[in-house]
Amino acid sequence: MCWLCDSGKPQLHGNSQLGRRDFLKTAAATGLTAGALNLFAARPAKAQEGGNPPADSGQPGRRYIIRGGAVMSMDPKVGNFAKADVLVEGKKIQKIGPNLSAGGADVIDATGRIVMPGFIDTHHHQFETALRSFLADGVLINDQSGSRASDRTYFEYILLTFAPVYRPDDVYISELFGGLAQPEHSDAAIQALFDTGRRAAFGYFESAGAAILGTNPGNKYPDDAVRIKKQWFSSSDQLVSMIMGGEVYLPGYEKAWRIGRQLGLQVAAHILSPFGIRPTLDLLAQGKAGDSGTLGLASDNLFIHMTGMSDMGWNAVKNAGAQVSIAFPIEMNMRHGMPPIVRMQGMGMEPSLSTDVEVTMTADFFTQMRVAMNLQRTVVNQMILDSPNGNQNLPDPRNWELPQTAKTVDGPFPYWPKPPAGVPAPLSTRDVLRFATMNGAKCLRLDSKT
C-alpha cells in the first residue's frame, strides 16, 4: 500500500513496490541479523537470495530454526558460538545452541553467516533523506568566520530554509526511502514508516516553521500527540511505536513533556551546549524546570548528544535512569561538543548510537561504530600518554598532544606509561557492537520485542 497512491497521486511502482516482506528480504544483503534483546529485529527469516520468510512469522506457535550460523548473542548469559542454531517460536527465541532439535520447524540455512542482534539507530532525521550530504562541510550554527564550514549551516539552511517548505509528499518519500509541521506532515511520515515494513520509533517533534519562524499556523504540536497516539499507535504490539519530542529550548516545553507522560510515551530532547541548554538541564536535575517550576527528569527521558553538560545534570540523568544517545560523527563534525563517552564510562553508563542528520555524513552503522571506537580511543590513549604529567590539561594546544616538557617514565619506552587508575579501557569492537544493538534496543524500549 502506498500513501501517495491512496491520496490520489498514482505512482509507477512496477515490480519494485516494497511490501514489508520484500523490503526485509532485500535488506538482508549483508547477512542475517537479529534485533532487540531477543536477537531479532524486523529482518528476513530466509537467508538465501530470492527466498521468502516462513509464512505467518511471529504468530503464536509458528516455529522456525536458523541453522549453522556463527552466533554472536551479545548476552554474556547466552555466550557466543562458532556454529550454532537459533530456534524461534512465535515472537520469542526458545533456544540457542549447537545441533538443536526442531521437529517440523522451517529451516533457515545460515551457514557462513553471522547471526547477531540487529543495529538500532536511536536518533535519525529521516525526513532529510532527500538532502543527503547537502551540508558535507557545514557546522551547526554560523560562527561568522566566513569559512567554508560556516557558509552553509544546519540551523540556517535545513531548519530555517528547507524544513518549513516541506510538503507532506516530501516528508512521505523521504521517510519511505530513508527508512513536521501540520498534522498532514505527521501522518505522512508515520504512513511512510508503516509502508517500509521496518521496526521504527516515530518521534513527534515541533516543526521548524512553527517553532522558529512563527509560520505554519496550522501546526498542532504538541496537542496533536493525543490524536496521533490514538489513531496510529493504539497497540503496543506493532512494528512502529511513538516517542514524544520535548525540546527544552522551546518556550512552554513543559506542556509537551506532560502530554508525553500522560500518554505513557518516552520524552526525547536534543541536549547540547551550543544551544545554551546547560542551565535548563540543571533546573530539570533539581525538579525545578518548566513554567510550573516543578518539572524534573525520569526514566522515560531520552537525551540526544548530552555535550557540555554540568556534573549536576549528568548525575541527575544517571540517577533518573534516563537514556543517552550519542551521534559521534555528527557531534565531531558539526561542533556539537566533545562526545561524552569517557564521562559516561567514568560514571558506569553506556550510550546507544545514532546517525542523526542525513545532510552531513553517511547514516550507516559501521561508520557509527568505527568513529565511536576511534574517538574514545583517541581521548583515552592521550590520557594515558599524558598521565606522567598529571593529566592536568597539559597537552600542547597546537595539536592537543604531549607538551614540549613532557615527563618520561622508566623502562624501554620513555613516553609509554602504564595506564593509571581511573582511565577507562579503550573501547573494543564488542563494546561498540553492544552500543549499536542491545543498548539501542533498551534505549527505545524494544528489548522485549522481536
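Read-outs: derived from the displayed coordinates by stated rules, not from any lab. From a predicted model like this one, the values you see are computed outputs, not experimental measurements. Cβ coordinates were reconstructed from backbone atoms using ideal geometry, including for glycine residues, and neighbour counts include every protein chain displayed.
Grouping the Cα pair distances of segment 59-145 into 5 Å bins from zero gives a pair-distance distribution of 3, 12, 16, 15, 11, 7, 7, 8, 8, 6, 4, 2, 1, 0 percent in increasing distance order. Computed over neighbours whose Cβ is under 12 Å from that of SER299, the net charge equals +3, Lys and Arg +1, Asp and Glu -1. Cross-link pairs exceeding 28 Å between alpha carbons, from the set LYS255/LYS318; LYS92/LYS229; LYS220/LYS449; LYS318/LYS449; LYS77/LYS418; LYS95/LYS230: LYS220/LYS449; LYS77/LYS418; LYS95/LYS230.
Packing around the peptides 143-150, 260-267, taken as the average count of other Cβ atoms within 10 Å per residue, puts them in this order, highest first: 260-267, 143-150. Distance from the C-alpha centroid of segment 83-101 to that of segment 228-271: 36 Å, rounded to the whole angstrom. Descending by average beta-carbon neighbour count within 10 Å, the peptides 199-205, 315-321, 419-425 line up as 199-205, 315-321, 419-425, the highest first.
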